[in-house]
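The values are calculated or read from the model by the stated rules, or taken from the named source; none is laboratory data. Note that the structure is a prediction, hence the values are computed from the model and not measured. Note that we place each Cβ from the backbone using ideal geometry, even for glycine, and neighbour counts take in every protein chain shown. All accessible areas refer to the heavy atoms of the entire protein, side chains included, with ligands and DNA or RNA removed. Shrake-Rupley method; radii C 1.70, N 1.55, O 1.52, S 1.80 Å.
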Amino acid sequence: MGDVNTGKLVIIAAGGTGGHMFPARAFADEMRTRGWTVGLISDYRGLRYASDFPAEWKEEVNAASPNFRKPWTLPAAALKIKSGINRAVRLIDQTMPALVAGFGGYPAYPALAAAKKRKVPIIIHEQNAVLGRVNRQFAQHAKLVASGFNRLDFLPSGAAHMPIGNPVRAPIVAMRDTPYPPTDGKLVLFVTGGSQGSSIFGDTVPLAIANYFPASLRGRLKVVQQVREEQMEGVRNIYRRAQVDADLAPFFADMPERLASAHLVVARSGAGTVSELAVVGRPSILIPLAIAMDDHQSANAEALTDVEAADVILESNLYPKLLGSLIAVRLEHGDDLRQRAAAARSVGKVDAASDLADMAERVAEL
């Protein structure tokens, strides 16, 4: 750890996925603009997302998610967590932070436990519509529980809750004023499955378009799809045989621009995806990840389905015929697409990072 300005320090504790780290980064950017020093605590997975994280220092701590279905692994997990807490306590004693901000995930546990032990004020941000396991444990000890959605299941009684939205990346916010594309020419279907879910889209979406999408529309269709490397050849061949214009890649570096240029999006309903769809204002078909903890992706999707900006298909019902028919119904009606885009945009929250920073500063001054 390098030199630290201990006068006005916030320690950010975030889990090992992009879903935790991206909103944590947006919050860190905002705190930095306000003159705060930022420290980051995560595990080795989280730090993979943090190469350009705006923190003066970054610390890796031990953390392990207990697997209660394999009880023989619990002692080792407990030792890792204890080691992580001890390391976090030493860091807090050394740096004297004004605040610890937890963004969920087991890598956040040691810092939050250390903050509780040292009586450092805690705030929590929960990205999903269901309070995660770690955030659930510390919600009653937090000065504030901020959340990405109005709905927040498993919130303990008496916890101070503020639904402020999910901090989203500046390049996404920059797309908010991009007009919805005209619907009298090419129709762009953007398919993004995320790291855990794109394989099922590679299996399903090409067959849906090739076999159950009207030929009258197929000539106007352009598919932009995130595809895993091992599926690339098969997916490309299906679209080629169906004479569908397809732009395929394992990863798109220009995701904000791709999202803004889409007429319809097929995606998972992770918290970040739902929030970005709302900020930019694009209609969608959402397929919640079936194995998501406490089915939180289905809960997240309600933010868009409640305003008729999205359709939901459960994984158990994800058949090519149903998906292809639904995509066609949506893309055939330009006025309806524009209404759905406006409905999505109406629930987009662009000030979440600023609002969270306001609350953090108030908590630090108490």
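Of note:
- Think of each Lys and Arg Cβ as +1 and each Asp and Glu Cβ as -1; about the Cα centre, that makes the dipole of the range 223-366 roughly 620 debye.
- Placed amide H near Leu144: partners under 5 Å, 5+ positions off or other chain: Ile124
- Dmax and Rg, reported as Rg then Dmax, of the range 226-366 (C-alpha, Å): 17.4, 65
- The mean sequence separation of alpha-carbon pairs under 8 Å and at least six residues apart, normalised by the residue count of the range 194-278, gives a relative contact order of 30 percent.
- For the range 168-295, convex hull of alpha carbons as volume per residue, Å³: 103 Å³
- Computed from point charges on the beta carbon alone (+1 for Lys and Arg, -1 for Asp and Glu), the dipole magnitude for the chain about its Cα centre is near 800 Debye.
- Scanning residues 5 or more positions from Leu187 or on other chains, those with amide H under 5 Å from its amide H are Leu221, Lys222, with H placed 1.01 Å from N in the peptide plane.
- Apportionment of accessible area to carbon and sulfur, the chain, percent (1.4 Å): 50 percent
- Rounded Å value of the spacing that divides the Cα centres of the range 175-194 and the range 77-120: 43 Å
- Reported label for calculated Rg/Rh (Cα atoms, Kirkwood Rh) given (1) 1.08; (2) 1.01; (3) 0.96: (2)
- Packing around the peptides 325-334, 275-284, taken as the average count of other Cβ atoms within 10 Å per residue, puts them in this order, highest first: 275-284, 325-334.
- With respect to the chain, whose longest principal axis is taken over its alpha-carbon atoms, helix 194-212 is tilted by about 10°.
- Burial order of peptide ranges 36-44, 335-343 (average beta-carbon count within 10 Å, highest first): 36-44, 335-343
- Packing-based ranking, highest mean first, of 88-95, 49-56, 119-126 given that Cβ atoms within 10 Å are counted: 119-126, 88-95, 49-56
- Whole-Hz ³J(HN,Hα) from phi, Karplus 6.51 cos²θ - 1.76 cosθ + 1.60, for the range 340-347, glycine and proline x: 5, 4, 5, 5, 4, 5, 5, 9
- For the range 145-218, the share of alpha carbon pairs falling in successive 5 Å distance bins from zero is 3, 10, 11, 12, 14, 16, 14, 9, 6, 3, 2, 0 percent.
- Cross-link check: pairs Lys58/Lys80; Lys117/Lys349; Lys8/Lys116; Lys8/Lys143; Lys80/Lys349; Lys58/Lys349 evaluated at a Cα-Cα cut-off of 27 Å; pairs beyond the cut-off: Lys117/Lys349; Lys80/Lys349; Lys58/Lys349.
- Centroid-to-centroid separation of the range 203-271 and the range 294-366 [C-alpha atoms, Å]: 20 Å
- Cα shape, the range 199-239, gyration tensor, a/c 1.5 rule: prolate
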